[in-house]
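Note sheet for the following structure.
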Amino acid sequence: MELFGDLHTHTSYGHGKGTVEENVKAAIDRGLKVVAITEHGPANLFGIGVDDAEVLLKIKAEVEECRKKYKDIKILAGVEANIIGLDGRLDVPYEILKEMDIVLAGLHLMVKTERIKDALGLFLPNSINRWTGISLKVECFREYLMGLNTKAVINAVNNNRIHILTHPGWGALIDTAALAEVCVQRRTAMEINVSHNPGHGYVELAKVQGVKFVINSDAHCPEDIGVLEAGLKLAEEAGLAVESIINAVNEGIGYRSFEEFVVD
Ligand SMILES: [Zn+2]
Ligand SMILES: [Zn+2]
């Protein structure tokens, strides 16, 4: 089994190091057939993401320029949107999401919210947990927190066309099985993120539901693009079939499902 694409990479439009073109060149050097440029949405604090959602269209224009120059690789313009509310709202408006070739979304804890109720009802309990580790000691708080996060992420999957849910369970407790069930219905892939692994058991739990996976680098510098061995190892250890990994191929099997996956 080998991986032909890396569908989660960042650039200097966010807190990454490379330009769009440098990412594309790095992907070509790694022998990839597909690369996606997926900058963070605007809600991240500390200048981590784009300044404004409109910047994603500028990135898309750069991707289109690169497509003219580099014909041997498929380059996708995308985003890693932030889930910023219990109702699953994203920090990128639909008008811009629909212009993207691929939409990734994830739960990051250091974000600006639109509503006080989300700041207090979702992100504050997560921050308290992060500072105190309380969920390790108090079972009911753990369940409460997991319920909040799972609700937000499931609502996001149900209410938006999300191709890939990034690093589910990393830094935020999630009911993996419940989430995977919804992802199957919505044809949303769950990510095996080489940089942000949520820990043992995640892949096994999601696999039981029959979800599709994608193995991504989440590279923030060009050198890390396509460095996917750790994710592939994890997938192989969990016994994932090539058909269940959208960016994997084995003797010609797999690529077709990928094409279907991103067209929709
Ligand atoms: Zn992320
Ligand atoms: Zn990322």
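The values are calculated or read from the model by the stated rules, or taken from the named source; none is laboratory data. Note that the structure is a prediction, hence the values are computed from the model and not measured. Please note: Cβ atoms are built from the backbone with ideal geometry, for glycine as well, and neighbour counts cover all protein chains shown. For the accessible areas, the whole protein counts, side chains as well, though only heavy atoms, and no ligand, DNA or RNA atoms are used. Shrake-Rupley method; radii C 1.70, N 1.55, O 1.52, S 1.80 Å.
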Q) Just wondering, is there one or more residues in segment 209-222 that are open to solvent by 20 Å² or more (accessible area, probe 1.4 Å), out of contact with any Phe, Trp or Tyr (no Cβ under 9 Å at 6 or more places or on another chain), assigned to a loop (DSSP other than H, G, I, E, B) and under 26 Å from G18 (Cβ atoms)? A) yes
(Q) What are the pairs with Cβ atoms under 9 angstrom where one residue, in segment 5-23, is farther than 17 Å from T166 by Cα and among the basic types (K, R) and the other, located anywhere, is open to solvent by less than 10 Å² (accessible area, probe 1.4 Å) and within 10 Å of ligand 2 (Cβ to nearest atom)? Sequence gap at least six, or different chains. (A) K17/H10
**Q.** Considering residues of segment 183-208 that are within 20 Å of A172 (Cβ to Cβ) and among the aliphatic types (A, V, I, L, M) only, the residue most open to solvent (accessible area, probe 1.4 Å)
**A.** L205
Q: Please find, within segment 130-169, the residue that is surrounded by the fewest Cβ atoms within 10 Å (Cβ to Cβ) out of those that are assigned to a helix (DSSP H, G or I) and within 16 Å of ligand 1 (Cβ to nearest atom).
A: R130
Q.
Quick check on segment 232-247. Is at least one of its residues within 16 Å of ligand 1 (Cβ to nearest atom) and either within 28 Å of D29 (Cβ to Cβ) or over 17 Å from the mean Cα position of the chain (by Cα) (or both)?
A. no
